[in-house]
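Take a look at the structure set out below.
Bear in mind these aren't lab numbers, they're just calculated from the coordinates by the rules spelled out. Here the structure is a predicted model, which means the values were calculated and not measured. Cβ atoms come from the backbone with ideal geometry, glycine included; neighbour counts cover every protein chain shown.
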């Protein structure tokens, strides 16, 4: 009974608050009950949910610049690297030239009298090399010139040279080699004595030392045949034929077999240098290709360091 009364009262209150209009459209608008006074409009809510375009910076970010291509970056880095290398090479070359110019440079003839043995054993080895029949025969040949190239390197730089400094001395390359070079870089013969402190296996000369001697000797042979008298090793092939025993005299022989522009092909070998008149034994053979750098015109200073 109370529920019915509540429904009737609510209906009467609605009719009292919203009188019925004769117009259907107005009846439709006022047919819904109204509960209380409407809340004020939330402007921030409208702004947040609005679909209208805004002019804020976040809605329209500034256009990005197109990324640099990989090719452009590679060219940039390569140019920087080449510039740095050229600058370093120029600086080092200037330092080397300054150090060499500050030291007296010996001629080929002066190097023959520049070495002084420090003990009797070394003096005996030096005398044996100088008076060996092979040395006497080459000295008498007008097509060959004699020198001791290791002594042409200034003393201030010699101690940092591999064969003339690090590998030179008692027990190693005991005395500076005697080198006989044929004119125009056709051939070369180098006479030396190898001690017992440069071995791999006990009593046998290390193969790496033999390769180093061949690399340097073949280069010295062909450099006079190149346009600017300097080159770098492009290829070196070595065949070991027999063990090279320590504490013995050896001869390095090289011959330039072909020259084309900046390229020179050289063949050579290291063999024993008997002092009793017996036949020499070939220890190791080599073939090499040397190429003159394109910038050799400004790098000719390195000719001094190798021969």
Can you tell me how the stretch 115-158 classifies by the Cα gyration tensor, rounded, prolate or oblate, using a/c under 1.5 as the rounded cut?
oblate
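With both partners inside the stretch 138-276, how many of the DSSP beta bridges are antiparallel, as a percent to the nearest 5?
On the way: 29 of 30 bridges.
Percentage antiparallel, nearest 5: 95.
Output the peptides 238-248, 110-120 sorted from most to least packed, where packing is the average of other Cβ atoms within 10 Å over each peptide's residues. Before the final figure, lay out the partial values.
Numbers: 238-248: 15.4, 110-120: 12.3.
Ranking, from highest mean packing down: 238-248, 110-120.
Could you list 284, 266, 259 in order of exposure, starting from the residue whose Cβ has the fewest other Cβ atoms within 10 Å?
Values: 284 23, 266 29, 259 18.
Listed from fewest to most nearby Cβ atoms, that is 259, 284, 266.
Of the peptides 187-197, 134-144, how do they stack up when ordered by the mean number of other Cβ atoms within 10 Å, highest first? Could you put the intermediate results ahead of the total?
Details: 187-197: 21.1, 134-144: 13.5.
Output ranking for 187-197, 134-144: 187-197, 134-144.
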Okay, which of the stretch 234-275 sit inside 19 Å, backbone N to the point 7 Å along the Cα-Cβ direction of residue 108?
252-257
